[in-house]
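Participant: Pasting a structure below so you can have a look.
The values are calculated or read from the model by the stated rules, or taken from the named source; none is laboratory data. All of these numbers come straight from a predicted model, not from anything done at the bench. Using ideal geometry, Cβ is built from the backbone for each residue, glycine included, and neighbour counts are taken over all protein chains shown.
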Ligand code: SF4
(Lines give C-alpha, C1' and ligand atoms only; values in the text may rest on other atoms or scores of the structure.)
Protein backbone atom coordinates (compact mmCIF):
# COMPACT_ATOMS: atom_id res chain seq x y z
CA UNK A 1 0.00 0.00 0.00
CA UNK A 2 1.10 3.58 -0.67
CA UNK A 3 3.69 2.19 -3.05
CA UNK A 4 3.69 5.30 -5.22
CA UNK A 5 5.82 8.45 -5.45
CA UNK A 6 5.20 9.82 -1.96
CA UNK A 7 8.18 10.13 0.39
CA UNK A 8 6.28 8.70 3.38
CA UNK A 9 8.04 11.25 5.56
CA UNK A 10 6.21 14.09 7.27
CA UNK A 11 7.02 16.75 9.82
CA UNK A 12 4.60 18.75 11.96
CA UNK A 13 5.15 22.50 12.21
CA UNK A 14 3.68 25.30 14.28
CA UNK A 15 1.19 27.29 12.27
CA UNK A 16 3.04 30.61 12.21
CA UNK A 17 6.19 29.10 10.72
CA UNK A 18 4.14 28.87 7.54
CA UNK A 19 1.93 31.86 8.18
CA UNK A 20 3.32 34.79 10.15
CA UNK A 21 -0.02 36.53 9.77
CA UNK A 22 -1.27 34.49 12.71
CA UNK A 23 1.33 35.65 15.21
CA UNK A 24 0.60 38.10 18.03
CA UNK A 25 0.74 41.82 17.35
CA UNK A 26 4.25 43.22 16.95
CA UNK A 27 6.09 39.89 16.73
CA UNK A 28 6.09 38.89 13.04
CA UNK A 29 9.62 38.71 11.64
CA UNK A 30 8.61 37.85 8.04
CA UNK A 31 5.78 38.73 5.65
CA UNK A 32 4.59 35.12 5.39
CA UNK A 33 6.58 31.93 6.00
CA UNK A 34 9.94 31.13 7.60
CA UNK A 35 11.50 30.58 4.18
CA UNK A 36 14.85 29.14 5.29
CA UNK A 37 13.17 26.33 7.23
CA UNK A 38 10.49 25.63 4.65
CA UNK A 39 13.02 25.48 1.81
CA UNK A 40 15.02 22.94 3.79
CA UNK A 41 11.99 20.79 4.46
CA UNK A 42 10.80 20.91 0.85
CA UNK A 43 14.30 20.20 -0.50
CA UNK A 44 14.33 17.02 1.58
CA UNK A 45 10.95 15.96 0.19
CA UNK A 46 9.30 15.91 3.57
CA UNK A 47 5.55 16.52 3.74
CA UNK A 48 4.42 19.38 5.99
CA UNK A 49 1.61 19.12 8.48
CA UNK A 50 0.67 22.58 9.74
CA UNK A 51 -0.70 22.73 13.27
CA UNK A 52 -3.61 25.07 13.98
CA UNK A 53 -2.59 28.29 15.73
CA UNK A 54 -3.90 27.71 19.26
CA UNK A 55 -3.93 31.39 20.18
CA UNK A 56 -5.98 32.42 17.15
CA UNK A 57 -8.36 29.54 17.88
CA UNK A 58 -8.82 30.53 21.52
CA UNK A 59 -8.24 34.30 21.60
CA UNK A 60 -8.49 35.52 18.01
CA UNK A 61 -5.95 37.49 16.01
CA UNK A 62 -5.87 40.35 18.53
CA UNK A 63 -5.46 37.93 21.48
CA UNK A 64 -8.37 39.76 23.09
CA UNK A 65 -6.46 42.98 23.60
CA UNK A 66 -5.93 45.42 20.74
CA UNK A 67 -3.27 47.17 22.83
CA UNK A 68 -1.37 43.94 23.52
CA UNK A 69 1.37 44.70 21.02
CA UNK A 70 2.29 47.79 23.01
CA UNK A 71 3.39 45.72 26.01
CA UNK A 72 6.85 44.24 26.29
CA UNK A 73 7.03 40.83 24.58
CA UNK A 74 7.40 38.85 27.81
CA UNK A 75 4.61 40.74 29.56
CA UNK A 76 2.27 40.15 26.63
CA UNK A 77 3.30 36.48 26.41
CA UNK A 78 2.54 36.11 30.12
CA UNK A 79 -0.89 37.68 29.72
CA UNK A 80 -1.60 35.35 26.79
CA UNK A 81 -0.40 32.26 28.67
CA UNK A 82 -2.60 33.06 31.66
CA UNK A 83 -5.61 33.58 29.41
CA UNK A 84 -4.96 30.41 27.42
CA UNK A 85 -4.56 28.36 30.60
CA UNK A 86 -7.80 29.71 32.06
CA UNK A 87 -10.13 29.77 29.07
CA UNK A 88 -8.57 27.78 26.25
CA UNK A 89 -8.13 24.30 27.63
CA UNK A 90 -11.28 22.64 26.27
CA UNK A 91 -10.61 23.92 22.75
CA UNK A 92 -6.96 22.94 22.92
CA UNK A 93 -7.68 19.50 24.31
CA UNK A 94 -9.69 18.60 21.21
CA UNK A 95 -7.01 19.96 18.90
CA UNK A 96 -4.25 18.14 20.77
CA UNK A 97 -6.17 14.86 20.46
CA UNK A 98 -6.58 15.45 16.72
CA UNK A 99 -2.82 15.94 16.35
CA UNK A 100 -2.06 12.76 18.28
CA UNK A 101 -4.60 10.82 16.20
CA UNK A 102 -3.00 12.05 13.00
CA UNK A 103 0.49 11.08 14.16
CA UNK A 104 -0.80 7.67 15.12
CA UNK A 105 -2.49 7.23 11.77
CA UNK A 106 0.69 8.00 9.82
CA UNK A 107 2.75 5.70 12.00
CA UNK A 108 0.29 2.83 11.78
CA UNK A 109 0.47 3.06 8.00
CA UNK A 110 4.25 2.93 7.93
CA UNK A 111 4.99 6.62 7.42
CA UNK A 112 7.83 8.34 9.25
CA UNK A 113 6.71 11.25 11.42
CA UNK A 114 10.09 12.95 11.78
CA UNK A 115 8.99 15.20 14.60
CA UNK A 116 7.28 18.40 15.61
CA UNK A 117 8.75 21.89 15.22
CA UNK A 118 7.44 24.43 17.71
CA UNK A 119 8.38 28.01 18.53
CA UNK A 120 10.56 28.57 21.57
CA UNK A 121 9.53 31.27 24.07
CA UNK A 122 5.92 31.05 22.90
CA UNK A 123 3.44 30.69 25.78
CA UNK A 124 1.53 28.22 23.60
CA UNK A 125 3.95 26.53 21.17
CA UNK A 126 7.27 26.65 23.05
CA UNK A 127 9.11 23.32 23.15
CA UNK A 128 12.36 23.89 25.06
CA UNK A 129 11.46 27.32 26.41
CA UNK A 130 8.24 29.18 27.04
CA UNK A 131 7.14 32.35 28.80
CA UNK A 132 5.87 32.38 32.37
CA UNK A 133 5.65 35.24 34.87
CA UNK A 134 7.37 37.73 32.55
CA UNK A 135 10.38 35.50 31.92
CA UNK A 136 11.55 33.11 29.23
CA UNK A 137 11.95 29.85 31.15
CA UNK A 138 12.63 26.19 30.38
CA UNK A 139 9.47 24.24 29.63
CA UNK A 140 6.69 23.79 27.11
CA UNK A 141 3.92 26.09 26.00
CA UNK A 142 0.33 25.26 26.89
CA UNK A 143 -0.56 23.66 23.53
CA UNK A 144 2.65 21.66 23.23
CA UNK A 145 2.13 20.34 26.76
CA UNK A 146 -1.29 19.08 25.75
CA UNK A 147 -0.02 17.49 22.53
CA UNK A 148 2.76 15.79 24.52
CA UNK A 149 0.21 14.44 27.00
CA UNK A 150 -2.12 13.23 24.23
CA UNK A 151 0.79 11.43 22.53
CA UNK A 152 1.99 9.97 25.82
CA UNK A 153 -1.46 8.53 26.57
CA UNK A 154 -1.31 6.68 23.24
CA UNK A 155 2.25 5.47 23.73
CA UNK A 156 3.52 7.68 20.89
CA UNK A 157 7.09 8.92 21.08
CA UNK A 158 7.50 12.08 19.01
CA UNK A 159 10.69 14.10 18.79
CA UNK A 160 10.00 17.79 19.39
CA UNK A 161 12.26 20.78 18.81
CA UNK A 162 11.71 24.51 19.14
CA UNK A 163 13.02 27.20 16.81
CA UNK A 164 13.09 30.99 16.83
CA UNK A 165 12.59 33.24 13.86
CA UNK A 166 15.29 35.52 15.28
CA UNK A 167 17.89 32.69 15.33
CA UNK A 168 17.98 31.38 11.81
CA UNK A 169 21.40 29.74 11.77
CA UNK A 170 20.62 27.67 14.85
CA UNK A 171 17.06 26.96 13.74
CA UNK A 172 18.18 25.65 10.34
CA UNK A 173 20.81 23.46 12.00
CA UNK A 174 18.28 21.95 14.37
CA UNK A 175 15.73 21.25 11.65
CA UNK A 176 18.46 19.67 9.53
CA UNK A 177 19.30 17.37 12.45
CA UNK A 178 15.64 16.51 12.93
CA UNK A 179 15.28 15.55 9.29
CA UNK A 180 18.45 13.46 9.29
CA UNK A 181 17.96 11.65 12.62
CA UNK A 182 16.53 8.13 12.36
CA UNK A 183 12.98 8.02 13.67
CA UNK A 184 11.66 5.89 16.52
CA UNK A 185 8.60 4.64 14.70
CA UNK A 186 6.62 2.93 17.47
CA UNK A 187 3.06 3.61 16.48
CA UNK A 188 1.33 3.45 19.85
CA UNK A 189 -1.83 1.53 20.65
CA UNK A 190 -3.67 0.61 17.44
CA UNK A 191 -6.70 2.80 16.91
CA UNK A 192 -8.58 -0.03 15.18
CA UNK A 193 -7.83 -3.11 17.30
S1 LIG B 1 3.73 30.26 18.23
FE2 LIG B 1 1.87 29.06 18.18
S3 LIG B 1 0.34 30.35 19.15
FE4 LIG B 1 2.04 31.67 18.58
S5 LIG B 1 1.45 32.42 16.58
FE6 LIG B 1 2.75 30.62 16.29
S7 LIG B 1 1.27 28.98 16.05
FE8 LIG B 1 0.17 30.68 16.96
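Participant: Got a sec? Which of 105, 97 is modelled with pLDDT of 95 or more and either out of contact with any helix residue (DSSP H, G or I) (no Cβ under 6 Å at 6 or more places or on another chain) or part of a strand (DSSP E or B) (or both)?
Facilitator: Working: 97 fails: either out of contact with any helix residue (DSSP H, G or I) (no Cβ under 6 Å at 6 or more places or on another chain) or part of a strand (DSSP E or B) (or both).
It is 105.
Participant: On to the next question. I'd like to check something: does segment 110-123 contain any residue that is away from the ligand (no atom under 13 Å from the Cβ) and out of contact with any strand residue (DSSP E or B) (no Cβ under 7 Å at 6 or more places or on another chain)?
Facilitator: Step one: filter segment 110-123 for residues away from the ligand (no atom under 13 Å from the Cβ), giving 110-115.
Retained after the next criterion (residues that are out of contact with any strand residue (DSSP E or B) (no Cβ under 7 Å at 6 or more places or on another chain)): 110.
Within segment 110-123, one or more residues are away from the ligand (no atom under 13 Å from the Cβ) and out of contact with any strand residue (DSSP E or B) (no Cβ under 7 Å at 6 or more places or on another chain).
Participant: Just to be sure before I move on: is residue 13 under 22 Å from residue 158 (Cβ atoms), within 11 Å of the ligand (Cβ to nearest atom) and within 17 Å of the chain's Cα centre (by Cα) in the structure I sent?
Facilitator: Details: under 22 Å from residue 158 (Cβ atoms): yes; within 11 Å of the ligand (Cβ to nearest atom): yes; within 17 Å of the chain's Cα centre (by Cα): yes.
Considered against the rule, which asks whether it is under 22 Å from residue 158 (Cβ atoms), within 11 Å of the ligand (Cβ to nearest atom) and within 17 Å of the chain's Cα centre (by Cα), residue 13 comes out as yes.
Participant: Now a separate question. Condition check: within 12 Å of the ligand (Cβ to nearest atom) and in contact with a helix residue (DSSP H, G or I) (Cβ under 8 Å, 6 or more places away or on another chain). Does residue 84 satisfy that?
Facilitator: Considered against the rule, which asks whether it is within 12 Å of the ligand (Cβ to nearest atom) and in contact with a helix residue (DSSP H, G or I) (Cβ under 8 Å, 6 or more places away or on another chain), residue 84 comes out as yes.
Participant: In segment 38-75, which residues are crowded, with 16+ Cβ neighbours inside 10 Å and within 13 Å of the ligand (Cβ to nearest atom)?
Facilitator: Once the filter is applied, which keeps residues that are crowded, with 16+ Cβ neighbours inside 10 Å and within 13 Å of the ligand (Cβ to nearest atom), segment 38-75 yields 51, 52, 53, 54, 55, 56, 57, 58, 59, 63, 68.
Participant: Can I ask one more? In segment 18-36, is there at least one residue being more than 13 Å from the ligand (Cβ to nearest atom), under 21 Å from residue 176 (Cβ atoms) and free of Cβ contacts under 8 Å to residues at least 40 places away in the same chain?
Facilitator: yes
Participant: Going residue by residue through segment 147-155, is there one that turns out to be assigned to a loop (DSSP other than H, G, I, E, B) and modelled with pLDDT of 95 or more?
Facilitator: If we filter segment 147-155 for residues that are assigned to a loop (DSSP other than H, G, I, E, B), which is where we start, we get 154-155.
So of that shortlist, the ones also modelled with pLDDT of 95 or more come out as 154-155.
Yes, that holds for at least one residue.
Residue-by-condition table, conditions (1) touching a residue at least 12 places away in the same chain (Cβ under 8 Å); (2) on the phi < 0 side of the Ramachandran plot; (3) surrounded by fewer than 21 Cβ atoms within 10 Å (Cβ to Cβ):
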| site | (1), (2), (3) |
| --- | --- |
| 125 | yes, yes, no |
| 139 | yes, no, yes |
| 149 | yes, yes, yes |
| 181 | yes, yes, yes |
